[in-house]
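*Asks:* Below is a structure I'd like to ask you about.
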Amino acid sequence: MKGHASEAELNDRIDGGLALRRRPELDRHLAACAACAARYATAEQTVKRIRALSRRAQAPRPVARPAPAARDRRRHQGLNQ
C-alpha cells in the first residue's frame, strides 16, 4: 500500500465491505502506520457507539386516536362537534 489508507478503505474495513483480497494489505498497513491505525480506531469506536445508540433508540409511540366507529358515534350523538 502506498501512502495512507483512505477514509473509504477504513470505513469499508469496519463495515465488512472491503474486498477479501485487500484486507491483508490494509491490515499490514494498519499494523505499521500509527496515523492510520489511530484513524481506524477512532472510526471503529464511532461506529460501535452509533450502533449501540440505534439499538437503544425506540420509535416514538403513535398518538392514540379513537377508532373511526367511536368518532362517528360521538358525532352522531352530538358529543364531538
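The rows are residues; the columns are (1) surrounded by 12 or more Cβ atoms within 10 Å (Cβ to Cβ); (2) touching an Asp or Glu at 6+ places or on another chain (Cβ under 6 Å); (3) at pLDDT 95 or above.
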position	(1), (2), (3)
Lys2	no, no, no
Gly16	no, no, no
Cys33	yes, no, yes
Ala37	yes, no, yes
Gln45	no, no, yes
Ile50	no, no, no
Ala64	no, no, no
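*Asks:* Of the conditions (1) at pLDDT below 90; (2) part of a helix (DSSP H, G or I); (3) exposed (fewer than 13 other Cβ atoms within 10 Å of the Cβ), Arg73 fails just one. Which one is it?
*Replies:* (3)
*Asks:* Only one of Leu20, Leu79 is modelled with pLDDT of 70 or more, loosely packed, with under 11 Cβ neighbours inside 10 Å and not basic (Lys, Arg); which? Working first, answer last.
*Replies:* Working: Leu79 fails: modelled with pLDDT of 70 or more.
From the options Leu20, Leu79, the qualifying one is Leu20.
The values are calculated or read from the model by the stated rules, or taken from the named source; none is laboratory data. None of the values given here were measured: they were computed from a predicted structure. Positions of Cβ are generated from backbone atoms using ideal geometry, with glycine treated the same way; all protein chains shown enter the neighbour counts.
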